[in-house]
Amino acid sequence: VSYEGQDGTLESISSKYDFASATVSITKIDSGDVSAAAATFANLGLIVKFTLKKADGSALNAAKLVLNSASGFILKSVADDSGSWNNQYSSVSVVPSAETDEITVALCHPDDAADTYFLTATDADGNTWNATKSGVTFETGKYYAGSVKFTEGATYTVAGTPELCGSSW
């Protein structure tokens, strides 16, 4: 399972990033035949359609959108490391095939808790635009759509993890 390589379209999400899981219970084993209860699948992630706007309300056409969370719990991928699952958390980058002001993203935030999200859009000229949304709660398996206003500015990367630094830098 990986949320890397998204292009910002619902078509791509439905074919490559719409993950679900199920637990199946074996109900009977008889002479090599195995019977199991019906599987009920549940989505692992959620889908968000962002309409990007500049602070003045005009469209912001982005060549790339990067999402981070204050908790650090945006799931980037799940890998099978020698028989055990290893969740890898990081930012999620979306690179559309052409600049656009509408980008759809598949996300997985494992605990559905309120979080602060940091969004950085980069336009074709390399200018960065930033937005922060606090107290956002997403529910797994749901679809969301909304506009986000960005302000132009530099992007800074701070080293550390929430466990190390908490919410104060």
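Overview of results
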item: Alpha-carbon spread of region 3-138, three principal axes, descending order, Å; result: 69, 28, 27
item: Rounded accessible area of LYS133 (nearest 10 Å², 1.4 Å probe); result: 90
item: Stretchable slack from GLU99 to SER35, in nm (0.36 nm times residue separation minus alpha-carbon distance); result: 18.0 nm
item: ILE26 - accessible surface, heavy atoms, 1.4 Å probe, Å² rounded to 10; result: 110
item: Simple spin-label estimate for ASP125 and ALA22 in nanometres, 7 Å along Cα-Cβ; result: 5.2
item: Heavy-atom accessible surface of region 1-132: percent carbon and sulfur, 1.4 Å; result: 48
item: Distant-in-sequence amide H partners of LEU44 (H built 1.01 Å from N, under 5 Å); result: PHE19, ALA20, SER21
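The values are calculated or read from the model by the stated rules, or taken from the named source; none is laboratory data. For clarity, every value in this text was computed on a predicted model and none was experimentally measured. Neighbour counts are summed over all protein chains in view; Cβ atoms, including those assigned to glycine, are modelled from backbone coordinates with ideal geometry. The accessibility values were calculated without ligands, DNA or RNA, using every heavy atom of the protein model including side chains. Shrake-Rupley method; radii C 1.70, N 1.55, O 1.52, S 1.80 Å.
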